[in-house]
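A.B. asks: One structure follows; several queries about it will come next.
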Amino acid sequence: MITKTAFLQTSETDPYKNLALEEFLLMNCQPGECILYLWQNRNTVVIGRNQNCWKECNVSRLEEDGGFLVRRLSGGGAVYHDMGNLNFTFLVRKEDYNVDRQMNVIIRAMEHLGIHAEKNGRNDATIDGRKFSGNAFYETGEHCYHHGTLLIRTDTQKMSRYLQVSPEKLKSKGVQSVRSRVANLCEFCPDCNVELVSRAMRQAFGEIYGIPAEDFPMKRLEKSMLEQSEEHFSSWDWKYGRSIPFQHELSCRFPWGEVQIQLDVSGGIIRMANVFSDSMNPDWTQTLSDALEGQPYSQDAMCTAAGELPGDIREDLQLLIRESI
């Protein structure tokens, strides 16, 4: 049961520092506490934990323009952050984690701005069918977070310049381009700005939880832990991931997300495997990668390796394997 709420908004715009703070809050959220963390990144592409950065983002163009590539802890797809976008994170223990309640804070905040918004599935909030908030989720042990974007005055031209959304994904959403799929809040509330949205979010947070949010006590932060986490998020290995010399690739889009499986095969044996996905479940890709390595490159062996995956994912991947090999 939530008995206290805390609010923290940072003026920092370095994405590695912001993700480090998010992780610290995740691991240090107290029982019975819910924290609302608001933050902004400057000129940043954030990819899901299991995505192939080279496929999802024009990395060279982004970095030539002084932008940042960031890999988050949660699953899901790639998003663009700039100073016209406000990010939010709800941090709470597992026993009090409630996505519907958390989403209601966003919907209530939009009501305070005179905007009628709706939840669309599990991970989007929309206005007139266009997405202004994409959401993702993460849990480790008893610690959970739900985070996402609030597009206020985001530069959608830059968004299209850096994001490489697959035609299959756009087709599944019934749109022609990433720009046509999203909406800025300023289109519906011309005076809308980051400060206004921040106030609306804090007010709605207190209303939905029935507890006015107190300022998060900064004395709870631990500099050494934040620095260690920042170093991790900014490291080459975490951002770009492992590259392998692959001869075979299986890919498909399913209702739960896209998947790309790269295989390095020698003498009929899978020596190395990379599995990428924008699935909201961030854990199964490493499970499959580990299970595939050392197995014969055959339908039966690969289907058996996929046998421990979650139900829908397991069945779809086993079908993909049988149709592709």
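A.B. asks: Does Val99 meet the test of being in contact with a Ser or Thr (Cβ under 8 Å, 6 or more places away or on another chain) and open to solvent by 10 Å² or more (accessible area, probe 1.4 Å)? Lay out the reasoning, then the answer.
C.D. replies: Values: in contact with a Ser or Thr (Cβ under 8 Å, 6 or more places away or on another chain): no; open to solvent by 10 Å² or more (accessible area, probe 1.4 Å): yes.
Here the answer is no, as Val99 does not meet what is asked.
A.B. asks: So, one more: Does the range 154-174 contain any residue that is acidic (Asp, Glu), modelled with pLDDT under 90 and not in a strand (DSSP E or B)?
C.D. replies: Taking every residue of the range 154-174 in turn, at least one turns out to be acidic (Asp, Glu), modelled with pLDDT under 90 and not in a strand (DSSP E or B).
A.B. asks: Can you say whether Arg49 is more than 23 Å from Glu195 (Cβ to Cβ) and in contact with a Pro (Cβ under 9 Å, 6 or more places away or on another chain), as far as the supplied structure shows? Outline the logic, then answer.
C.D. replies: Numbers: more than 23 Å from Glu195 (Cβ to Cβ): yes; in contact with a Pro (Cβ under 9 Å, 6 or more places away or on another chain): yes.
In short, yes.
A.B. asks: Then there's this: Just to check your reading of the model, which residue among Leu309, Leu319, Leu250 is closer than 30 Å to Leu19 by Cα and of a type in the set (A, V, I, L, M)? Steps first, please.
C.D. replies: Numbers: Leu319 fails: closer than 30 Å to Leu19 by Cα; Leu250 fails: closer than 30 Å to Leu19 by Cα.
Criteria check complete, one pass: Leu309.
A.B. asks: Kindly state which helices (runs of 4 or more DSSP H) lie completely within the range 28-114 and contain at least 1 residues that are modelled with pLDDT of 95 or more, in contact with a helix residue (DSSP H, G or I) (Cβ under 7 Å, 6 or more places away or on another chain) and charged (D, E, K, R).
C.D. replies: 59-64, 99-112
A.B. asks: Hey, another quick one. Assuming Gln299 fulfils every condition listed in (1) exposed (fewer than 14 other Cβ atoms within 10 Å of the Cβ); (2) at negative phi apart from one, which condition is it?
C.D. replies: (1)
A.B. asks: I'm trying to understand the selection: among the residues of the range 105-154, which are open to solvent by 60 Å² or more (accessible area, probe 1.4 Å), acidic (Asp, Glu) and under 26 Å from Glu56 (Cα atoms)?
C.D. replies: Result: Glu139, single match.
A.B. asks: Please work out if Met225 is assigned to a helix (DSSP H, G or I), within 30 Å of Val165 (Cβ to Cβ) and within 24 Å of the chain's Cα centre (by Cα).
C.D. replies: Working: assigned to a helix (DSSP H, G or I): yes; within 30 Å of Val165 (Cβ to Cβ): no; within 24 Å of the chain's Cα centre (by Cα): yes.
So Met225 fails the test.
A.B. asks: Being assigned to a helix (DSSP H, G or I) and either modelled with pLDDT under 95 or loosely packed, with under 13 Cβ neighbours inside 10 Å (or both) is the filter here, so list the residues in the range 229-239 that pass it.
C.D. replies: Pass one, the range 229-239, residues assigned to a helix (DSSP H, G or I): 229-233, 236-239.
Listed by number, the residues that qualify are Glu231, Trp236, Asp237.
A.B. asks: Go through (1) buried (at least 19 other Cβ atoms within 10 Å of the Cβ); (2) closer than 19 Å to Glu139 by Cβ for Ile2 and report which single condition fails.
C.D. replies: Answer for Ile2: the failing condition is (1).
A.B. asks: (1) under 18 Å from Leu319 (Cβ atoms); (2) in contact with an Asp or Glu (Cβ under 9 Å, 6 or more places away or on another chain); (3) not β-branched (Val, Ile, Thr): which one isn't true of Gln247, the others all being true?
C.D. replies: So Gln247 meets the others, but not (1).
A.B. asks: Further question on the same structure: Could you check Arg220 against (1) open to solvent by less than 60 Å² (accessible area, probe 1.4 Å); (2) within 30 Å of Ala6 (Cα to Cα); (3) free of Cβ contacts under 8 Å to residues at least 24 places away in the same chain and say which number it fails?
C.D. replies: Here Arg220 meets the rest and fails (3).
A.B. asks: Could you tell me whether any residue of the range 262-281 is touching a helix residue (DSSP H, G or I) at 6+ places or on another chain (Cβ under 8 Å), in contact (Cβ under 8 Å) with a residue 12 or more places away in the chain, closer than 30 Å to Ala6 by Cβ and surrounded by 15 or more Cβ atoms within 10 Å (Cβ to Cβ)?
C.D. replies: Within the range 262-281, one or more residues are touching a helix residue (DSSP H, G or I) at 6+ places or on another chain (Cβ under 8 Å), in contact (Cβ under 8 Å) with a residue 12 or more places away in the chain, closer than 30 Å to Ala6 by Cβ and surrounded by 15 or more Cβ atoms within 10 Å (Cβ to Cβ).
A.B. asks: Inspect the range 50-63 for any residue being open to solvent by 10 Å² or more (accessible area, probe 1.4 Å), within 17 Å of the chain's Cα centre (by Cα) and on the phi > 0 side of the Ramachandran plot and give the result as yes or no. Before the answer, list the steps.
C.D. replies: Start the filter on the range 50-63 by keeping residues that are open to solvent by 10 Å² or more (accessible area, probe 1.4 Å), which leaves 50, 52, 54-56, 58, 60-61, 63.
If we keep only those that are within 17 Å of the chain's Cα centre (by Cα) too, we end up with 50, 52, 54-56.
After this cut, where a residue has to be on the phi > 0 side of the Ramachandran plot as well, the list is none.
Looking for residues that are open to solvent by 10 Å² or more (accessible area, probe 1.4 Å), within 17 Å of the chain's Cα centre (by Cα) and on the phi > 0 side of the Ramachandran plot, one finds none in the range 50-63, hence no.
A.B. asks: Shifting gears a bit: Which of the residues belonging to the range 31-49 are touching a residue at least 60 places away in the same chain (Cβ under 8 Å) and of a type in the set (S, T, N, Q)?
C.D. replies: Answer for the range 31-49, where residues must be touching a residue at least 60 places away in the same chain (Cβ under 8 Å) and of a type in the set (S, T, N, Q): Gln40, Asn43.
A.B. asks: Go through the range 64-93 and give me each residue that's over 11 Å from the mean Cα position of the chain (by Cα) and of a type in the set (D, E, K, R).
C.D. replies: Glu64, Asp65, Asp82, Arg93
A.B. asks: Would you say Gly148 is without any contact (Cβ under 8 Å) to a residue 60 or more places away in the chain, of a type in the set (Gly, Ala, Ser) and part of a strand (DSSP E or B)?
C.D. replies: Numbers: without any contact (Cβ under 8 Å) to a residue 60 or more places away in the chain: no; of a type in the set (Gly, Ala, Ser): yes; part of a strand (DSSP E or B): yes.
Spelling it out, it is not the case that Gly148 is without any contact (Cβ under 8 Å) to a residue 60 or more places away in the chain, of a type in the set (Gly, Ala, Ser) and part of a strand (DSSP E or B).
The values are calculated or read from the model by the stated rules, or taken from the named source; none is laboratory data. Computed from a prediction, not measured in an experiment: that's the story for all the values here. As a convention, Cβ positions derive from the backbone with ideal geometry for all residues, glycine included, and neighbour counts pool all protein chains shown. Quick note on the areas: whole protein, heavy atoms, side chains included, nothing else; ligands and nucleic acids left out. Shrake-Rupley method; radii C 1.70, N 1.55, O 1.52, S 1.80 Å.
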